[in-house]
Number of protein chains: 2
Amino acid sequence: MTYCVGLYLRQGIVLLSDTRTNAGVDNISIFSKMQVEEVPGDRVLALATAGNLAITQAVWNRLQEGVWLHGRHHTLRSVPNMFQAAQLVGQAVRDVYRDDGPTLSAQGIGFDCSLLLGGQIAGGPPRLFLIYAAGNFIEATIDTPFLQIGEHKYGKPILDRVLRYDTPIPDGVKLVLVSMDSTLRSNLTVGMPIDLLVSRTDALAVGLRRRITEEDQYFRYVQENWSAALRDAYLRLPTPDWLS
Amino acid sequence: MTYCVGLYLRQGIVLLSDTRTNAGVDNISIFSKMQVEEVPGDRVLALATAGNLAITQAVWNRLQEGVWLHGRHHTLRSVPNMFQAAQLVGQAVRDVYRDDGPTLSAQGIGFDCSLLLGGQIAGGPPRLFLIYAAGNFIEATIDTPFLQIGEHKYGKPILDRVLRYDTPIPDGVKLVLVSMDSTLRSNLTVGMPIDLLVSRTDALAVGLRRRITEEDQYFRYVQENWSAALRDAYLRLPTPDWLS
């Protein structure tokens, strides 16, 4: 399994992904699930992936080689805007499905993949998309400024409750780390280290790309202190008057 | 869907269940998913159920009529201890499976049910069980003092982080309400009102049984203030030094 979350904030895009892959419970490995394309001054595009690793790596390799879209051969470095970038990723997914899908299906293996694509291309605003295994996609909006793929449930309540489009990037980073920590604690198939990317609005360059390991002092602080903060918060709730 | 959670605490058993049933997204009804048997001075047993309503109601009706266990005809009012109470519920599940399972299977409908059984019978300690659709079961322990059925993921992180066997009952009640609120916010198929039961250790009588509606002032306070408390807690986290 996997957990990836993307934020669509006024100040920019934040993407966080774990690195655990597993086949069953004992074939556990570390693979980055985040890929970045950067052309400083022109574009930053980040892709986070969940699902069958052979599928998601095939999608990324095809995007590197180029994919036919609207009669032209494009990569993420050549598409003119974010909408076409999302279409290109969707087309790469469909190309993999066309080639690998029938054999996977014959062997009883589902075509399991989903992807987050966030970033900005000069001339347009930052955008964040979730691309499905069918190659179609949805986009984050001001009303729902985050998208998740993989094991999303454990880390969703904190985002539902407090994340807003106007949340500043540093607070957004704290929130995705808390959301990831909630998931890491509850699901063994999501694992450290984690990859973080920040792309600030109109910077058109990677603002921060960081692999956070178990030795990261800040993440350890979050892990240790968030539980204590929740404990303090619930202890401050009054006892219901109907409970003697 | 459903969300039910049971706490196994030093001070006693707490059980909370929602009341929403749905067939698809538009056939939504309110059904209590919690049943209680009380013989003051002798026993309190509470059953919370998730899954196919026809199955879980059939299980409860059979438990009312009596089920054959170890060559004797028992109800939850006659079994001598909590282990046999869990066995009795499991046997009722198997009896329903024997009678209804083949037809359900022929129509492509899974045999979907799970149950929480908590309580105490004179002469033994309080115990909390989770009974599966196969009629087998697990029991909460001091190490893991809560069990959940139904849509459990959204409400699990708060319990993972702060609930302990030594958590006092009033704090346990706060925590299950927060856990339920997280689930209600994230999953439409879990809905108000909610049913709460408290059985204090060695009281051998229902300590509290309460239907909490949307008008319940305390629950509304929890709903409104927990988000604010989380917001305060994450704002108090320092900004990572690697994020300018």
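Each value in this text was obtained by applying a stated rule to the coordinates, not by laboratory testing. Owing to the predicted nature of the structure, the values given are computational and were not obtained by experimental measurement. Reconstructed Cβ throughout: ideal geometry from the backbone, glycine too, with neighbour counts over all protein chains shown.
If contacts are Cα pairs under 8 angstrom and at least 6 residues apart, what is the relative contact order of chain B in percent?
On the way: 492 pairs, mean separation 66.1, N = 244.
Rounded, it is 27 percent for chain B.
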Check your understanding: What's the percent breakdown of Cα-Cα distances in the protein assembly as shown across 20 Å bins, shortest bin first?
Key -> 22, 48, 27, 4, 0
Review point. Looking at the square roots a ≥ b ≥ c of the eigenvalues of the Cα gyration tensor of region A:3-232, which shape do they give, rounded for a/c under 1.5, prolate if a/b is larger than b/c, or oblate?
Key: oblate
Check your understanding: Angle between the Cα long axis of helix B:217-236 and the longest principal axis of chain B, 0 to 90 degrees, nearest 10?
Key -> 50 degrees
Check your understanding: Over all residues in A:169-176, what is the mean tally of Cβ atoms on other chains that come within 10 Å of each residue's Cβ?
Key -> 4
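At a 10 Å Cβ-Cβ cut-off, how would you order B:V162, A:V173, fewest neighbours first?
In order of increasing Cβ crowding within 10 Å: B:V162, A:V173.
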Exercise for review: Just need the relative contact order of region B:107-244 here, percent rounded to a whole number, with Cα pairs under 8 Å and 6+ apart.
Suggested key: 16 percent
Study note, to complete from the structure: In vacuo Debye sum over C-alpha of region B:160-242, base-10 log of normalised intensity I(q)/I(0) at q = 0.15, 0.23, 0.26 Å⁻¹, listed in q order, is -0.69, -1.25, -1.38
Check your understanding: Quick one: label points 7 angstrom along Cα→Cβ at B:G66, distances to the other copies in nm, smallest first?
Key -> 8.2
Practice item. State, to one decimal in nm and shortest first, how far the label point of B:D166 sits from each corresponding label point in the other identical copies (label point: 7 angstrom along Cα-to-Cβ). Key: 4.5
**Study point:** Closest approach to the axis - chain B beta-carbon, rotation onto A, Å
**Key:** B:K153, 2
Exercise for review: Can you tell me the 0 to 90 degree angle between the C-alpha axis of helix A:169-186 and the longest principal axis of chain A, rounded to 10?
Suggested key: 80 degrees
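Could you tell me whether region B:94-156 comes out rounded, prolate or oblate from its Cα gyration tensor? Rule is a ≥ b ≥ c as square roots of the eigenvalues, rounded for a/c under 1.5, then prolate if a/b exceeds b/c, otherwise oblate. Mind dumping the intermediate values first?
Working: a/c = 3.86, a/b = 1.67, b/c = 2.31.
Oblate, because a/c is 1.5 or more while a/b does not exceed b/c.
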Point to revise | 7 Å along Cα→Cβ, label-point gaps from A:T213 to other copies, nm, shortest first | key: 5.8
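Just want the ordering: A:L47, B:L130, from fewest to most Cβ atoms lying within 10 Å of their own Cβ. Kindly include the intermediate steps, with their values, before the conclusion.
Numbers: A:L47 28, B:L130 21.
Ranking A:L47, B:L130 by Cβ neighbours within 10 Å, fewest first, gives B:L130, A:L47.
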Exercise for review: Express in whole angstrom the spacing between the alpha-carbon centres of region B:158-227 and region A:132-156.
Suggested key: 29 Å
